[in-house]
Amino acid sequence: MTSLATHEVLNQSTPWSGANLYDGNLALQDALAHHLHGHDPTRLAALGRQAGSAQMQMHARLANAHGPQLQSHDRFGRRVDQVEFHPSYHALLGAALQHGLHGTPWQAGPGAHVLRAAAFMLFTELEPSVLCPVSMTYAVTPALRANPALHAAWGPKLASTEYDERCVPFGDKRAVTMGMGMTEKQGGSDVRANTTRADFDSDTPWGRAFSLTGHKWFFSAPMCDAFLVLAQAPAGLSCFFVPRWRPDGSLNPIRIERLKDKLGNRANASSEVEFGGDTTGWLVGDEGRGVPQILAMGALTRLDCALGTAGLMRQALTLALHHTRQRRAFGKLLSEQPLMQNVLADLALESEAATALALRLAVAVDASEHGDDARERMRVDHGHEAVMRRVLTPIAKFWICKRGAAFAQEAMECLGGNGYVEEGGQGVMARIYREMPVNSIWEGAGNIMGLDLLRALRSADVAAALEHELAPARGEHAAFDALARTLPGRIDGSTDEAQARVLARDIALLVQAALLRRHAPDAVFAAFCGARLAGASDVFGLLPAGTPFGALLERALPH
Ligand SMILES: Cc1cc2nc3c(=O)[nH]c(=O)nc-3n(C[C@H](O)[C@H](O)[C@H](O)COP(=O)(O)OP(=O)(O)OC[C@H]3O[C@@H](n4cnc5c(N)ncnc54)[C@H](O)[C@@H]3O)c2cc1C
């Protein structure tokens, strides 16, 4: 309570700070325990503590309040093409790399991608926009393998847990980060329309070098040390490795024209760049096969979009629970009002289901990345996991990210007017709301995910794989069985394009329900099936009478 000259400040909640984000997240703990039985949670608990600390929250606020600044030229008129960030941005990015959220799983054993996924969700609860370069650095490794010389040289520094922010030649760097450039003015989804040109220059120890001429309309984290870029070579659209510095120690010209003035994601710089014919790119993979090559990277950043949104949902839910347990209206705490309990419980269901689905996709990635010995030891069905990875990537990216914006709006409303205000502390809610849509748009917007799902259906026996995946929940809930029965006839590869979103939603909901059956309490599974599978739920807070709100909220509380 604070006394001012005219009144006392009453009935306002305290800032949410100082909690261990891992210890308080039962949904994440149970999902992890199911997939990685007996894992050591020490590092996640350490990250959870750090990510919930007041000091790191201050960095998140400052990095967003004092966004990146472009320095295109120095004061003598020479081009420098640098972006300057607030020290808090560097503190956050350094912490993310120190926790190995980028390249380290590629150097570790089975389970590393799953633990990294959990850590990525936790860090997102602190600050998502610095995770853009972290995610791209994580995702680049499989694509880079197609150029063994580059992979051998860059792989170890991409996995280093140091952070070296200096813009200096590769040989002088202790650690590096990478980004990607596909989107051009005339097309982002349809990258085959790219006009950037690649002309052969010379054979080098890093393979075939080309000169690039053209532009990229969205080019995030331009202070990364290198980028994978698409350009039209004589044999067709190809993937190129474009470092900021050439091996001979000269700057590789990447002209940053402007920084985007974005709705959210403000701590992260997204730029427009030009390649003036003097920019060198090294071919990665086969000439003319640029799209599948760069999509090896894009598939993993899509995983991170799902993980990141699940993390943001958890953060928004936590803030809503925290506030409503302190704020009174009409004689009772908001959290005791039946209609508010319905809203909060519904948000809790959505948050847990998103966490479960995003982590399930990470499990599939992990399983399909390890050798036969490891798979045998983990008793993983490689064929099944490979199909799950292919199908769940567009489904999880589409559905979780699509639910994110509506989720953030509802969670914000739980805080009333304070939720809409930008100032520090609980102003975080406004930041979450502004951040949510980007995960749905970048790395393939919703419709593109729907179309990709249709391609996935044609590439494998998805019906059989889903039959297996959904088996644990069969016979457990009438609504689940009824919806699951419709699937085989709808996934025969001839699905009408216009129905792709409907199909993506239905598979997402069924897989989420089956996961909740495997690692959530009965009450969560039953409430989810009743609320999501029996009919469309257009807004939150429509859970039917008889739903055990108390049990759902007790589980969701950030203990
Ligand atoms: C903050 C931010 C950062 C970004 N950073 C990067 C980056 O670092 N590197 C990079 O390469 N890109 C980046 N992007 C670009 C992003 O990936 C693209 O904006 C996105 O892929 C969509 O492309 P577009 O903007 O050209 O829209 P379009 O391709 O014009 O799409 C517009 C709409 O049409 C829909 N659509 C397209 N084709 C079809 C179809 N066949 N059927 C039905 N619907 C269709 C899409 O789903 C979308 O809703 C970034 C974007 C943002 C917002």
Restricted to segment 284-295, and to residues that are in contact with a helix residue (DSSP H, G or I) (Cβ under 9 Å, 6 or more places away or on another chain) and not polar (S, T, N, Q), which residue is nearest to the ligand (Cβ to nearest atom)?
-> Ile294
Quick one: how many residues across segment 434-464 are in contact (Cβ under 8 Å) with a residue 24 or more places away in the chain, among the aliphatic types (A, V, I, L, M) and within 22 Å of Leu312 (Cα to Cα)?
-> 4
Is it the case that segment 34-51 has a residue that's open to solvent by less than 20 Å² (accessible area, probe 1.4 Å) and out of contact with any Phe, Trp or Tyr (no Cβ under 9 Å at 6 or more places or on another chain)?
-> no
Go through Pro128, Pro133 for me and flag whichever is within 12 Å of the ligand (Cβ to nearest atom), open to solvent by less than 40 Å² (accessible area, probe 1.4 Å), outside any helix (DSSP H, G or I) and at pLDDT 95 or above.
-> Pro128
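Per-residue answers, yes or no, for (1) touching a strand residue (DSSP E or B) at 6+ places or on another chain (Cβ under 7 Å); (2) not hydrophobic (A, V, I, L, M, F, W, C):
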residue	(1), (2)
Leu131	no, no
Asn147	yes, yes
Pro169	yes, yes
Lys173	no, yes
Asn194	yes, yes
Segment 185-202 - residue that is more than 7 Å from the ligand (Cβ to nearest atom) and in a strand (DSSP E or B) and, of those, least open to solvent (accessible area, probe 1.4 Å) | Ala198
Across segment 70-87, what is the number of residues that are of a type in the set (S, T, N, Q) and in contact (Cβ under 8 Å) with a residue 60 or more places away in the chain?
-> 2
Please enumerate the residues belonging to segment 364-408 that are at pLDDT 80 or above, farther than 25 Å from Leu451 by Cβ and open to solvent by less than 40 Å² (accessible area, probe 1.4 Å).
-> Asp366, Ala367, Ala408
What about Met182, is it aliphatic (A, V, I, L, M) and within 11 Å of the ligand (Cβ to nearest atom)?
-> yes
Glu435 meets each of (1) within 21 Å of Ala386 (Cβ to Cβ); (2) touching a Gly at 6+ places or on another chain (Cβ under 8 Å) with one exception, condition (1)
Tally time: how many residues in segment 406-454 are among the small types (Gly, Ala, Ser) and under 26 Å from Ala500 (Cα atoms)?
-> 7
Counting only residues in segment 1-22 that are in contact (Cβ under 8 Å) with a residue 12 or more places away in the chain and open to solvent by 80 Å² or more (accessible area, probe 1.4 Å), the one nearest to Ala60 (Cα to Cα) is identified as Pro15
Could you list, in sequence order, all residues of segment 320-344 that are open to solvent by 10 Å² or more (accessible area, probe 1.4 Å) and in a helix (DSSP H, G or I)?
-> His322, Leu334, Ser335, Glu336, Pro338, Leu339, Met340, Gln341, Asn342, Val343
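The values are calculated or read from the model by the stated rules, or taken from the named source; none is laboratory data. Quantities reported herein were computed from a predicted structural model and do not represent experimental measurements. Reconstructed Cβ throughout: ideal geometry from the backbone, glycine too, with neighbour counts over all protein chains shown. When the accessible area is computed, the model is the full protein with side chains, heavy atoms only, and any ligands, DNA or RNA have been set aside. Shrake-Rupley method; radii C 1.70, N 1.55, O 1.52, S 1.80 Å.
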